[in-house]
Ligand SMILES: [Zn+2]
C-alpha cells in the first residue's frame, strides 16, 4: 500500500479535534488508519472518529496537530487508547505503524485462507498485537477477500464469453444481470483498498 498522503489543509486555529474529522475522512479515504476497514462496511461514518496517534496524555502539545491525527474506527480507537511504546520498545524496533510514514505491506501480510495477520517485521508484530488486528471481525472480513476475488475473476471471464454471443433479449438480460452482480462484488472488493493484499 502506498503511504497515505495528506492533501487537506484544515484552517489554522482549530482547537476542537472533532472539527478535523471531515478533513481526515477525505485524507484517509474513509478507511480506518489501523484496521483499514471502510466506512461502507459499517454503513455510517458515526462509527469513526478522530484518533491521536501520539496520545493526548503523553503529548499534550500535539492535541490539535493535524499530522498527529488519524481517521479511525471506534473499536481501534478504544483498543489503542492512550498507549504509546516505551523508549526501550522503540529502540528495539517495537513501535506503532503510522500509515502516513510506513508502508504497511512491508510490515504486515495476511494469510488469504485464514484471514490472519502474518507479521513481516518486529514493528508489524508489535503493532498488530497492540491493535488486536486478529480480532474475530477482522479475521472473518479478511478471509472473505480471496473467495471474492476468485468470484470476480470467474464472472469477468463468463461475461466476456456471454457478451460475444448475446443475441436475444434474454441473452442481453442475463449479461446485464451478471454485470450488476460483478459491480456489487467489485464494490465489496474495493472496500479492502490496496492494504490487505
Ligand atoms: Zn479500525
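Tabulated data for the structure shown
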item	result
Contact order relative to length of the chain, as percent, for alpha carbon pairs under 8 angstrom and 6 or more apart	19 percent
Peptides 73-83, 34-44 ordered by average Cβ neighbours within 10 Å, highest first	34-44, 73-83
For the chain, convex hull of alpha carbons as volume per residue, Å³	137 Å³
Highest-first arrangement of 58-65, 47-54, where packing means the average Cβ count within 10 Å	47-54, 58-65
For segment 104-180, the spread of Cα positions along each principal axis, largest first, Å	59, 22, 16
Range of Cα positions in segment 3-105 per principal axis (Å), largest first	39, 32, 24
Residue-averaged [θ]222 nm for the chain, counting only DSSP H segments that reach four residues, each worth -39500 (n - 2.57)	-13000 deg cm²/dmol
Long-range tail of P(r) for segment 145-190 (Cα pairs > 13 Å, %)	52 percent
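Bear in mind that the values in this text are calculations on the coordinates, not laboratory data. Values in this document were obtained by computation on a predicted structure and should not be read as measured data. A quick note on method: Cβ atoms are made from the backbone with ideal geometry, for glycine too, and the neighbour counts reach across all protein chains shown.
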